[in-house]
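Beneath this line is the structure, given in structure tokens, with notes to follow.
The values are calculated or read from the model by the stated rules, or taken from the named source; none is laboratory data. Because the structure is predicted, anything quoted here is derived from the model rather than measured. Counting neighbours? That spans all protein chains shown, and the Cβs are built from the backbone with ideal geometry, glycine included. Accessible surface areas use protein heavy atoms only, side chains included; no ligands, DNA or RNA. Shrake-Rupley method; radii C 1.70, N 1.55, O 1.52, S 1.80 Å.
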Amino acid sequence: MADTATAPLITNHRAKPAKAPSIDDTIEEYMGTTGTVQLLKAVLLAFASAFDAQQVFISVFTDAEPNWHCTGSDGTCSDAAASPCALPDGAWAWDRPAVTSVVSEWSLKCAGPVLVSLPASSFFAGCLAGGFLLATLADSHLGRRKMLLASIVSMSVASALTAFSPNVWAYSALRFVSGFPRSMVGTCTMVLSTELVGKKWRDMVCVAGFFSFTLGFLSLPALAYAFRDASWRNMYIWTSVSSLCYSILIYFLVQESPRWLLVRGRKQDAIEALQQIASLNGNNITSSFSMLHACTMQEDAAGSSCGDSVFATLHSMWQRPWVLRRLAAIMTVSFGVGTVYYGMPLNLGNLGSNLYLSVTYNALGELPSSILLWLLMGRINRRSSVMGLTTVAGLCSLACIVIPQGAARMAAELVSFSAACTVLTVILMYSIELFPTSVRNSAVGLVRQALVLGGVAAPVLVALGRDKSFLSFSVFGLAIGCLGMFAAFLPETRGKSMSDTMDEEEQKEADVANCAVHHRDSSNSDLV
């Protein structure tokens, strides 16, 4: 009796096995609190987005069409003429030296919109090809750091060679080469910078990357104004030299992501990277790395059960109609947004206002919309936000057709571009929530490529609108406004948990369908 009374009540219960530590928890444990030095290194890394922005929008100035004026006094020329193409030689001249733009240097004014838009379209085509062919290298063989360095160096070298282009064909080919590695700069920058700091500072590092992109955009009008009477080739030389110098700093100051090293099974390299980060944070790792080993084995076991090829992931999505419906709808919306996001800055020369101020206003227009969205992301519905913002962007773009040149027209264009910037952020977040973890990277990558595909079409529309601005503004407005309505075919995801597998997401879809059927049957029975 006494023995029974004093025996522990939980003797017959089996203890639950301890949960294996996650990679995030393990890295957080060993790195400790993110120190000032490590945070500054992450912010320095995020500054790569500035050079990304420069290469995306540099053609706004290098490929701009300069103003011209009449030189003859025999009455054969009129400054009010829409184009000097029908005028005889010597009757007109450019306001600035011909070398200030590729259009004036290579006499592309009368060559047709296809040839004029070829360099910018080639750049975005290179981004499109690079996005498909290089996307898996940062997760497999090269890693984040090597992929970022290779992308920046390749982009910079191609940009420097672009300055020596003898004709528009070589120029377009080098723009394609520059866009090919550029496709990975933004992604690798965001991933690596956030993986080098603790959870508390990840949002700040992401915001730092956004501000860096805006600073890079803002630097272009200042640089272009400094070289306003010099050759367009100076723009490419200065931007490429600065990005090459930056890549040297990254090579010596930034280490590889410990998380990626753990996933790849490189335990010793991960330990060395964690020790370097911990030392910068003022911590010394004196304990064993038992948590790290357990975490690595768990990740390896999880990874072994998944497909190793991105093509296997695409095949998995292809077999499920609901995935294809979501992917088709969100990619259609993304394409429409891409035409405005990339096309509006290129189309600033058709507004009839000061080009330098117009680009500056557009760059500044990204700041308030994105900051506001960052603060309100947890409170807004994704589907209705996409439809509302694309409608605003489309209406403002169409308004540019009827509004005369001046401040009002510039304001309408700025609102359209700001709405496109905001909806772009919503779409990327929406894409992450729409697809389960097993296919999320591939799905989001396809959505981003649809955005770039819109950028490929944008320069052609801009070239068509140089003589008839209503062509570009009308297509921009209809594209983003009408294609944005495809978001109505997507489910709402705000406040809902994200699935990890296809089966889990399909079960959610079945539960929602059953709930809808039950509600309809109940309503019909009430009517009876």
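Across the accessible surface of segment 99-168, with the other protein chains kept in place and a 1.4 Å probe, carbon and sulfur atoms take up 70 percent.
The fraction of Cα-Cα pairs per 10 angstrom bin, counted from 0 for segment 137-189, comes to 28, 45, 21, 6 percent, rounded to whole percents. Whole-Hz Karplus values for segment 113-126 come out as x, 5, 6, 5, 8, 4, x, 5, 5, 5, 4, 5, 5, x Hz, taken residue by residue from phi with 6.51 cos²θ - 1.76 cosθ + 1.60 and θ = phi - 60°; glycine and proline positions read x. Computed 3J(HN,Hα) for segment 98-106, one whole-Hz value per residue from the Karplus formula 6.51 cos²θ - 1.76 cosθ + 1.60 where θ = phi - 60°, is 4, 6, 6, 8, 5, 5, 7, 5, 9, glycine and proline marked x. For the peptides 404-411, 386-393, 218-225, the ranking by packing is 386-393, 218-225, 404-411, with the highest mean count of neighbouring Cβ atoms within 10 Å listed first. Packing, taken as the mean count of other beta carbons within 10 Å per residue, orders the peptides 123-129, 84-90 from highest to lowest as 123-129, 84-90. Amide H to amide H distances under 5 Å link S101 with W232, where only residues 5 or more positions off or on other chains count and H is placed in the peptide plane. Stokes-Einstein diffusion for segment 81-128, with the hydrodynamic radius set to the Kirkwood value over Cα pairs and evaluated at 4 °C in a medium of 1.567 mPa s, equals 105 µm²/s. Within the accessible area of segment 192-239, the carbon and sulfur atoms contribute 67%, probe 1.4 Å, all protein chains present.
Taking every pair of distinct Cα atoms and averaging 1/r, then inverting, what Kirkwood hydrodynamic radius in Å comes out for segment 169-278?
Numbers: mean 1/r = 0.0598 Å⁻¹.
So the Kirkwood estimate lands at 16.7 Å.
Applied to segment 402-414, the Karplus parametrisation 6.51 cos²θ - 1.76 cosθ + 1.60 on θ = phi - 60° returns per-residue 3J(HN,Hα) values of 9, 7, x, 4, x, 5, 5, 5, 5, 5, 5, 5, 5 Hz, with x for Gly and Pro.
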